[in-house]
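Written below as structure tokens is the structure these notes are about.
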Amino acid sequence: MPVNENRLFHKIKKQVGRAIGDFNLIEEGDRIAVAVSGGKDSYALLHILDSLRRRAPVRYELVAVNVHPGFPGYRPEPLEAHLRQHGFTCRMERTDCYQIIETRRRPGSSYCSFCARLRRGVLYTVADELGCNKVALGHHLDDFIETLLLNQFFVGTLKAMSPKLLADNGRHTVIRPLVYVEERDIAEFSYANDFPLVACACPAGGEGDRSRRRMKRLVKELSGEIPHLRGSLIGALSNVQPRHLLDRQLKVF
């Protein structure tokens, strides 16, 4: 059964197409490992990229990759059934990340950050095995601006995410095609298509996301007063004025 190609579908598809063009995210012959967790963002990313692929001026392939963290209670079977029903090439990779986190995480360190690093490493390894040169992640516009605020408020850096970034291993390019898509549109798109959402079953209960949820509430609150807030913040990431910053390494003094 195809996705619901309504007004919202075409809006998201246009935004993703714009991001691909703006940042040259997809090129001829790319084989892309699309990280799918069973959440709304990864469902939207996979289906939109597949729809664009059918009429794209360049040829590229998609492989859906799910990394099972080994958390008790994580059940990706509905996701796998959905992928196979829609004809996606997929790889369901089970790991022992949970055991590694439980035995090796340093006291006081972030559970979520350690888990993310482990899963990202598995994703790169699987991408190598599948012959994929790019890895697509489902971070959306709200993720970008929340990360920007988190880094400013808690880390003291002017840094967010990049829509296209060479991975530390030097072999894969990480792309984030949903950079222009707001989370609320993805949520509505997911609901309209009744995607079988899979809970992450994180034993930490999302404690590591407390600061991010705080930023999310802040953005939502301010958006009530400043309707164009999200657009302004994502625009700021593309409109950097080095001459008016304090970083001595920029050599503008």
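Is it the case that residue 187 is at pLDDT 95 or above, among the small types (Gly, Ala, Ser) and either surrounded by fewer than 17 Cβ atoms within 10 Å (Cβ to Cβ) or in a loop (DSSP other than H, G, I, E, B) (or both)? It is true that residue 187 is at pLDDT 95 or above, among the small types (Gly, Ala, Ser) and either surrounded by fewer than 17 Cβ atoms within 10 Å (Cβ to Cβ) or in a loop (DSSP other than H, G, I, E, B) (or both).
So is residue 199 of a type in the set (Gly, Ala, Ser), open to solvent by less than 50 Å² (accessible area, probe 1.4 Å), under 22 Å from residue 120 (Cα atoms) and out of contact with any strand residue (DSSP E or B) (no Cβ under 7 Å at 6 or more places or on another chain) or not? Walk me through how you get there before you give the answer.
Working: of a type in the set (Gly, Ala, Ser): yes; open to solvent by less than 50 Å² (accessible area, probe 1.4 Å): no; under 22 Å from residue 120 (Cα atoms): yes; out of contact with any strand residue (DSSP E or B) (no Cβ under 7 Å at 6 or more places or on another chain): yes.
The answer is no for residue 199.
Between 131, 87, 138, the distinction of being surrounded by 20 or more Cβ atoms within 10 Å (Cβ to Cβ) and farther than 30 Å from residue 250 by Cα belongs to 138 only. The combined condition, being under 27 Å from residue 125 (Cβ atoms), of a type in the set (Gly, Ala, Ser), surrounded by 13 or more Cβ atoms within 10 Å (Cβ to Cβ) and in contact with a His (Cβ under 9 Å, 6 or more places away or on another chain), is fulfilled by residue 38.
Of 120, 176, all but one fail to be modelled with pLDDT of 90 or more and touching a Leu at 6+ places or on another chain (Cβ under 8 Å); the exception is 176. Restricting 54, 106 to those that are of a type outside the set (Ser, Thr, Tyr), open to solvent by 40 Å² or more (accessible area, probe 1.4 Å) and within 27 Å of residue 182 (Cα to Cα) reduces the list to 54. Of the listed requirements (1) of a type in the set (A, V, I, L, M, F, W, C); (2) modelled with pLDDT under 95; (3) surrounded by 15 or more Cβ atoms within 10 Å (Cβ to Cβ), residue 155 misses just one: (3). If you check 174, 219 for being outside any loop (DSSP other than H, G, I, E, B) and in contact with a strand residue (DSSP E or B) (Cβ under 8 Å, 6 or more places away or on another chain), only one passes: 174.
Restricting attention to the range 161-174, the residues being surrounded by 20 or more Cβ atoms within 10 Å (Cβ to Cβ) and under 13 Å from residue 140 (Cβ atoms) number 1. Got at least one residue in the range 123-145 being under 17 Å from residue 15 (Cβ atoms), charged (D, E, K, R) and in contact with a His (Cβ under 8 Å, 6 or more places away or on another chain)? Within the range 123-145, not a single residue is under 17 Å from residue 15 (Cβ atoms), charged (D, E, K, R) and in contact with a His (Cβ under 8 Å, 6 or more places away or on another chain). Inside the range 109-128, residues that are under 24 Å from residue 163 (Cβ atoms) and open to solvent by 50 Å² or more (accessible area, probe 1.4 Å) make up a count of 7.
The values are calculated or read from the model by the stated rules, or taken from the named source; none is laboratory data. None of these values were measured; they are calculated from a predicted model. Note: ideal-geometry Cβ built from the backbone for every residue, glycine included; neighbour counts use all protein chains shown. Quick note on the areas: whole protein, heavy atoms, side chains included, nothing else; ligands and nucleic acids left out. Shrake-Rupley method; radii C 1.70, N 1.55, O 1.52, S 1.80 Å.
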